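In what follows, a single structure is set out as structure tokens and then discussed.
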Amino acid sequence: MYSSTRPSNPLAWFARYLRDAKEELGKVTWPSKQDTIRYSVVVIAISVFVAAFFGGLDWVFNLGLEELIKLAA
């Protein structure tokens, strides 16, 4: 556990920091390979949907703007 007292030697402080970081990473519950794949597919699918949605909006606004320009000309 990291205490609030900081050693005067920077190398000792850094070594303790690395030790504590390794200890904390050991406490992490990592997702399984299957969970990682599932979450990745969800993120990719949502990203494609959002890109298509905003691409569609851009296309519609572009058509509207072109029509406004034709009316003004």
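No value in this document is a laboratory result; all are computed from the given coordinates. Note that this is a predicted model, so its numbers are computed, not measured. Methodologically, a virtual Cβ is constructed for each residue, glycine included, from the backbone with ideal geometry; neighbour enumeration extends over all protein chains shown.
Using θ = phi - 60° and the Karplus relation 6.51 cos²θ - 1.76 cosθ + 1.60, list the HN-Hα couplings for the stretch 45-54 in order, rounded to whole Hz, with x at every Gly or Pro.
Result, ordered by residue: 4, 5, 4, 5, 4, 5, 4, 5, 4, 6 Hz.
Through the Karplus equation 6.51 cos²θ - 1.76 cosθ + 1.60, θ set to phi - 60°, convert the phi angles of the stretch 64-70 into ³J(HN,Hα) values in whole Hz; use x for Gly and Pro.
Running phi through 6.51 cos²θ - 1.76 cosθ + 1.60 with θ = phi - 60° gives x, 5, 4, 5, 4, 5, 5 Hz.
Among Leu25, Ile37, Gly55, which residue has its Cα positioned farthest towards the positive end of the charge dipole of the chain, with +1 placed on the Cβ of Lys and Arg, -1 on the Cβ of Asp and Glu, and the dipole taken about the Cα centre?
Result: Leu25, furthest along the dipole toward the positive end.
Just subtract the alpha-carbon distance of Ile37 and Ala15 from 0.36 nm times their residue separation and send over the number in nm, one decimal. Let's see the in-between values first.
Numbers: separation 22, 0.36 × 22 = 7.92 nm, distance 3.50 nm.
Contour length minus Cα-Cα distance gives 4.4 nm.
When the helix-only estimate is applied to the chain (DSSP H runs of n ≥ 4, each -39,500 (n - 2.57), divided by the residue count), what is the mean residue ellipticity at 222 nm, nearest 500 deg cm²/dmol? Provide the component values of the computation, followed by the final result.
Numbers: 2 runs with 57 residues, N = 73.
The helix-only estimate for the chain comes to -28000 deg cm²/dmol at 222 nm.
Can you work out ³J(HN,Hα) from phi for every residue in the stretch 20-26, in order, using Karplus 6.51 cos²θ - 1.76 cosθ + 1.60 and θ = phi - 60°, giving whole Hz and x for Gly and Pro?
5, 5, 5, 5, 5, 5, x
Can you give the charge dipole size of the chain about its Cα centre, rounded to the nearest 20 debye, using +1 on the beta carbon of Lys and Arg and -1 on the beta carbon of Asp and Glu? Can you show the working numbers first?
Values: 8 positive and 7 negative charges, 116 e Å.
It works out to roughly 560 debye.
Mind running the shape call on the stretch 31-73? Use the C-alpha gyration tensor, a ≥ b ≥ c as the square roots of the eigenvalues: rounded below 1.5 for a/c, prolate if a/b tops b/c, oblate otherwise.
Numbers: a/c = 10.65, a/b = 9.61, b/c = 1.11.
Since a/c reaches 1.5 and a/b is larger than b/c, the shape of the stretch 31-73 is classed as prolate.
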